[in-house]
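Values in this text are rule-based calculations from the coordinates and carry no lab data. This is a predicted model, so every value here is computed, not measured. Methodologically, a virtual Cβ is constructed for each residue, glycine included, from the backbone with ideal geometry; neighbour enumeration extends over all protein chains shown.
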Amino acid sequence: MNISVRYQSRGGNTKTVAELIAKTAGVAAEVYDAPVAEPIDVLFIGGGVYAWDIDKGLKAWLRTLTPDKVKTIAPFSTAGGFDGAKRIAKIAKASGVDVLEQLPVKVMLRSHAAIAKSGSLMLKDSEEAAIATFARCVLEINKRNPA
Ligand SMILES: Cc1cc2nc3c(=O)[nH]c(=O)nc-3n(C[C@H](O)[C@H](O)[C@H](O)COP(=O)(O)O)c2cc1C
């Protein structure tokens with residue numbers, strides 16, 4: 001199974017979350033637009049929210065995805081309140097890519113990231129545990145529903 005963890009991060013908060021997901025998945029986190037060398041089975045893709053939307057570059061990249069490049073997407077986001085993960089999901093779905101949304105644990109750090117200055121995200125143990133659970137759930141769901 002080819003797993004990829006990618007992020008868009010201006011200040012480092014989303015990168016921190018991506019690195020925790022990557023650690024659980026046993027891969028390295030990469031910037032979102034790193035080349036896709038081979039088809040991805042599970043793509044964890046996250047971004048921050050800036051002025052009520054996700055990053056323009058990330059949006060453009062999401063629009064280049066196709067089902068033959070990426071089988072399933074698990075979106076995540078860090079933001080003050082706006083649901084960036086939902087935005088990522090909507091764009092990916094419009095490209096025909098399967099999106100895992102109905103998860104028992106969602107990574108959406110609202111109040112915490114709103115208070116923290118970008119780049120100074122300090123996660124509580126419970127938040128770190130929730131992120132790891134999110135990653136494990138995504139991988140487990142994918143294992144039970146192979147292509
Ligand atoms: C310039 C700027 C604009 C932001 N606008 C919003 C916003 O409209 N809605 C929101 O929920 N969060 C907003 N935020 C909070 C960021 O989404 C949050 O700090 C996020 O963790 C940033 O991710 P990053 O550190 O990975 O870049 C904003 C942050 C910055 C720096």
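A few comments on the model shown:
- Nitroxide proxy distance, nm - points 7 Å out along Cα→Cβ at LYS69 and ALA132: 3.3
- Beta bridge orientation in region 3-144: antiparallel %, DSSP, nearest 5: 5
- In plain terms, the chain from ALA51 to ALA37 could stretch by 1.8 nm, reckoned as 0.36 nm per residue minus the Cα-Cα distance.
- About its Cα centre, the dipole of the chain is roughly 300 debye, where the only charges are +1 on Lys and Arg Cβ and -1 on Asp and Glu Cβ.
- Restricting region 1-84 to trypsin sites (Lys or Arg not before Pro) that sit in a DSSP loop and have at most 14 other Cβ atoms within 10 Å of their own Cβ leaves ARG10, LYS69.
- Ratio Rg/Rh, restricted to the chain and using Cα atoms, in which Rh is the Kirkwood radius: 0.93
- Across the chain, the relative contact order, built from alpha-carbon pairs under 8 Å that are at least six residues apart, equals 25 percent.
- Least to most buried among SER4, SER77, SER126, SER95 (fewest other Cβ within 10 Å first): SER126, SER95, SER4, SER77
- The residue list GLN102, GLY84, VAL27 was ranked by how far each Cα lies along the charge dipole of the chain toward its positive end, using unit charges on Cβ atoms, and GLY84 comes out on top.
- Dipole-positive endmost among LEU62, VAL5, LEU123 within the chain (Cβ charges, Cα centre): LEU62
- Per-residue ellipticity at 222 nm from helix content only, as computed over the chain with -39500 (n - 2.57) for each DSSP H run of at least four residues, stands at -12000 deg cm²/dmol.
- Close amide H pairs (under 5 Å, H built 1.01 Å from N) link ILE73 with LEU43, ASP98, VAL99, LEU100, residues at least 5 positions away or on another chain.
- Sorted fewest first by neighbouring Cβ atoms within 10 angstrom, LEU123, LEU43 come out as LEU123, LEU43.
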